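The values are calculated or read from the model by the stated rules, or taken from the named source; none is laboratory data. Please read these numbers as outputs of a predicted model, since none were measured by experiment. In this analysis, Cβ positions are derived from the backbone assuming ideal geometry, glycine residues included, and neighbour counts consider all displayed protein chains.
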Ligand SMILES: Cc1cc2nc3c(=O)[nH]c(=O)nc-3n(C[C@H](O)[C@H](O)[C@H](O)COP(=O)(O)O)c2cc1C
């Protein structure tokens, strides 16, 4: 019996297996609205058989986009555009769908990656970014505006209204983005948060705004649907946010009803020194799970079925998320199920593709 293909309950949401499609920005929206690209991209990933597909970082206000092409959920128009994509996906796939809600803070206003990803200053057609403190991400970037009480409220309200829109869209789960150096991570990390009010200084103060946002999202999203959070377990910089603080944060979000924690790392500082390798972030998830008992998603260079199975079977994490491997091979879960002797959902139109040696691969398949 494969652990990877065993179900897991996140509150009252049961996932058929423990494979999560990690959130992946597509930089292909127009004014925050999902486009035909999203139909294609999410359409094919929805046929993958994964237990959960988390939609890309979705901005809660226009200034919270990383690039001007980011997906958003701040208006009726953005909600309608996403509704159309989701309707098509749902018509043909039973996959569970989550959404990552995000604000980029000082890392906003950049070119899309395939145009270099550099910061676009307000004077050159970008926009003024905001952050906990007036410190640019990279030295050459514009200095962000320090958020005041009204700014914090506006952003918290943005998360709330996006969560309500996500609920209306029938989205099964929300992941609050507090990783990769974006706004909520900027509050957590002492490298980017130098405030001397109630939102800066001590660990308790640095956690305050991310926890307020988490509480507000949890309250705004239906109680029977899970809300989790993505964190960077370390900044990979001496004196930055680290695993000890992440464990403390995990205890706090657990108390507040977080259904899962998705454990990534890095992104807050260009000086980070990441120790890359297969499953390089799994030990962070393992420690958080051991110390807090919160359901964890391990992510980062998990590429092989046997590797994923081992991470879960040994109890180091509860789910695995894959990003690049899913783009490279959108049928990764099919191939993993074949290797591990398990079953996946596949659309009936494709049932005839089932190889002879894996004749029970597709759940419920009836072949004429
Ligand atoms: C194209 C692409 C877009 C990404 N966009 C996001 C995103 O929107 N939100 C996020 O938290 N991480 C994002 N990531 C990071 C992935 O979710 C994942 O954590 C990372 O790629 C490591 O997993 P992997 O080794 O399976 O690719 C992105 C990664 C890729 C490759």
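Remarks
- Qualifying residue in the stretch 133-142 (condition: in contact (Cβ under 8 Å) with a residue 12 or more places away in the chain, within 16 Å of the ligand (Cβ to nearest atom) and in contact with a strand residue (DSSP E or B) (Cβ under 6 Å, 6 or more places away or on another chain)): no
- Test: residue in the stretch 114-127 that is more than 14 Å from the ligand (Cβ to nearest atom) and at positive phi: yes
- Cβ pairs under 8 Å, 6+ apart, first in the stretch 189-217 and more than 20 Å from residue 145 (Cα to Cα), second part of a loop (DSSP other than H, G, I, E, B): 211/256; 214/256; 214/258; 215/256
- Just one of the listed residues (225, 194) is away from the ligand (no atom under 16 Å from the Cβ), under 17 Å from the mean Cα position of the chain (by Cα) and outside any helix (DSSP H, G or I), namely 225.
- Being crowded, with 24+ Cβ neighbours inside 10 Å and under 25 Å from residue 52 (Cβ atoms) holds for only one residue in 284, 187, and it is 284.
- Scan the stretch 1-34 for residues that are within 16 Å of the ligand (Cβ to nearest atom) and either more than 16 Å from the chain's Cα centre (by Cα) or farther than 21 Å from residue 303 by Cα (or both) and the total you get is 6.
- Members of the stretch 67-79 that are outside any strand (DSSP E or B), under 30 Å from residue 49 (Cβ atoms), within 15 Å of the ligand (Cβ to nearest atom) and touching a strand residue (DSSP E or B) at 6+ places or on another chain (Cβ under 7 Å): 70, 71, 73
- Picking from residues in the stretch 308-333 that are more than 25 Å from residue 235 (Cα to Cα) and within 12 Å of the ligand (Cβ to nearest atom), the one that is surrounded by the fewest Cβ atoms within 10 Å (Cβ to Cβ) is 328.
- Matching residues in the stretch 35-52 - criterion: being away from the ligand (no atom under 14 Å from the Cβ) and free of Cβ contacts under 8 Å to residues at least 40 places away in the same chain: 36, 40
- Complete set of residues in the stretch 258-303 that are more than 14 Å from residue 234 (Cβ to Cβ), more than 14 Å from the ligand (Cβ to nearest atom) and either touching a strand residue (DSSP E or B) at 6+ places or on another chain (Cβ under 7 Å) or without any contact (Cβ under 8 Å) to a residue 12 or more places away in the chain (or both): 258, 259, 289, 290, 294, 295
- Matching entry among 208, 195 (being modelled with pLDDT of 95 or more and farther than 17 Å from residue 258 by Cα): 195
- Condition check for residue 343: closer than 18 Å to residue 4 by Cα and within 12 Å of the ligand (Cβ to nearest atom): no
- Condition check for residue 98: at positive phi, crowded, with 20+ Cβ neighbours inside 10 Å and either in contact with a strand residue (DSSP E or B) (Cβ under 9 Å, 6 or more places away or on another chain) or part of a loop (DSSP other than H, G, I, E, B) (or both): no
- Among the candidates 42, 82, residue that is within 19 Å of the chain's Cα centre (by Cα), assigned to a helix (DSSP H, G or I), at pLDDT 95 or above and more than 22 Å from residue 333 (Cβ to Cβ): 82
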